[in-house]
1. Applying 1/(1 + (r/R0)^6) with R0 = 22 Å to the Cβ-Cβ distance of B:Phe40 and B:Ile117, what FRET efficiency is obtained, to the nearest 0.05?
2. What full-extension length gain, to one decimal in nm, is calculated for A:Ala238 and A:Met295 as 0.36 nm per residue of separation minus the Cα-Cα distance?
3. Can you sort A:Thr15, B:Thr70, B:Thr59 by how many other beta carbons sit within 10 Å, fewest first?
4. At a Förster radius of 56 Å, what calculated FRET efficiency corresponds to the Cβ-Cβ distance of A:Val59 and A:Thr15, to the nearest 0.05?
5. Can you bin the protein assembly as shown into rounded, prolate or oblate? Criterion: square roots of the alpha carbon gyration tensor eigenvalues sorted a ≥ b ≥ c, rounded for a/c under 1.5, prolate for a/b above b/c, oblate for the rest.
6. Work out the mean other chain Cβ neighbour count within 10 Å for the residues of A:219-229 and drop it here as an integer.
7. Answer rounded, prolate or oblate for the stretch A:33-297, using the Cα gyration tensor with square roots of eigenvalues a ≥ b ≥ c: rounded when a/c is under 1.5, else prolate when a/b is larger than b/c, else oblate.
8. What distance in nm separates the simple spin-label points at B:Lys91 and B:Leu21, each placed 7 Å from Cα in the Cβ direction?
Amino acid sequence: MSTQTPQPSQAAPDTTRIHNIGYRSYDGPRLGRSYARRSLFSQSLRGAYGLGRSAKSKVLPMLLFGVMCVPALIIVAVAVVTKQTKLSIEYTQYAIFLQVVIGIFLASQAPQSVSRDLRFRTVPLYFSRPIERADYVLAKFGAMASALFLLTSVPLLILWIGSLLAKMDFGTQTQMFGQGLLSVALLSLLFGGIGLVMAALTPRRGFGVAAVIGALTISYGAVSTLQGIAYGTDNLGAISWLGLFSPITLIDGVQTAFLGAPSSFPGGEGPGAGTGAVYLLVVLALVAGSYGILMRRYRKVGL
Amino acid sequence: MYNPTVARLTYRALLGRRRALILFLLPAMLLVIAAAVRAFNGADDQVAADVLGGFALATMVPLIGVIAGTGAIGPEIDDGSIVYLLSKPVKRPSIIFTKLIVAIAVTMVFSAVPTFIAGFILNGNGQQVAVAYTVAALVASIAYSALFLLLGTISRHAVVIGLVYALVWEALFGSLIAGARTLSVQQWALALAQKVTGDGLVTSEVGLTTAVVLLAAVTVVATWFAGHKLGKLTLAGEE
């Protein structure tokens, strides 16, 4: 254009040309929807442990992972040295004892998984790829649950290997290990769902963290206070029903009823099979409900 | 020192829309629990002290302190909008001071008032339990707000660090290791509450003088240091 001499009134239309600057259509392989979903899953799972992010964001998840594993290592070391015939902690009890660590992990990682996408309005970019709403939600949900499962199952694995090193009975230990794995899998699904729902409702990271920890800790604090009072006033029937109102006591109730775990309710009075079925139903309903809420949340997001 | 405009903006940031929800939820829960306990159990001074000490002072006050203290400044630093505030001719220590006043006010309103009401629901202020825990909540509000406001200016993970302090240090270590209780805002506040109500249900691990000195020191030093940090704040990019 700059090479042309300005001839505004005389410019003839036949001097304009369309240049071919070599645009070509893409003819490589198209990896498609399932590939995009898998990428999103693995990226979110790695992100939960700070992999592929800055060194500073690796500190907290790795620290919490270490804190989860250290008690297991200590228990195993004690069991091997003193030649115990039984581990000093049940597999199913481990996650209950370290629930604060799990809660902090979830509170710090669930918001980083979803809140930043919402705050910087990058969600529409995901949906410009060949993925659907369900793929996004499933990938994020699956990644968070898997991250929690890793966090809770690795210590159990340490305990199991340690119990075999200490020459405990293989059959019994493996069965109890399996029950423990089942319980933490349920816990991961439940906590992951609750954490993501809380985080997806607040684009601000700080409020997301507080909301998640609030949902877990406050409900547990309230339930255990009320259970303690019910126990103190010989209201034993109320104890197992009160447990329905906080995530960790729900898991505790389910594993007491079906997975042969000792209850950590006051007085050791866990729910029986009938009440336990209610517990299991509530857990499954909460998992399905958090999936439903997430699907609703992402229906109109960022557009 | 107090700047009304900064205060108004901070109130709106803290109480705007959904954020206030979590602040209302906790006190509502305390009142529901108090009512339930009263209905189940009748008035009992020891139970009232347990509920107020275990749930209100140990869980609710620190959580609201974390939300109000870090929420007063954290999100602004996080998303970079603090530059618009810093570029105005307002002294940075006075920004911190104003935000501290707002955080203290919010924490007090949302923690001390419900504690007082819950105390009356539980046992009608028998043995001064409600007054004692309200005093403790008021005192703790000041120290928590200053502490968590400082955290908000120092770290991007202020909420997590604040929660770890409140839940792991005060609740977990405090119950296992006696020494940890000396360094706990909760115990300092309880020491004051014990003085106010005389001997009775409220006990603290810390002496009154120690508690007052430590409370004042923590509040003043944290506020000064937060002003100092804000004075030489550099904005970090998003990771």
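1. Details: r = 18 Å, r/R0 = 0.83.
Calculated value: 0.75.
2. Values: separation 57, 0.36 × 57 = 20.52 nm, distance 3.50 nm.
In short, 17.0 nm is gained.
3. Going from least to most buried by this count: A:Thr15, B:Thr59, B:Thr70.
4. FRET efficiency, A:Val59 to A:Thr15: 0.30.
5. Working: a/c = 2.09, a/b = 1.26, b/c = 1.66.
Cα axes put the protein assembly as shown in the oblate bin.
6. Rounded to a whole number, the mean comes out at 5.
7. oblate
8. Each label point lies 7 Å from its Cα, and together they span 4.0 nm.
None of the figures in this text is laboratory data; all of them are computed from the coordinates on show. Please read all numbers here as calculations on a predicted model, not as lab measurements. Backbone-built Cβ (ideal geometry, glycine too); neighbour counts: all protein chains shown.
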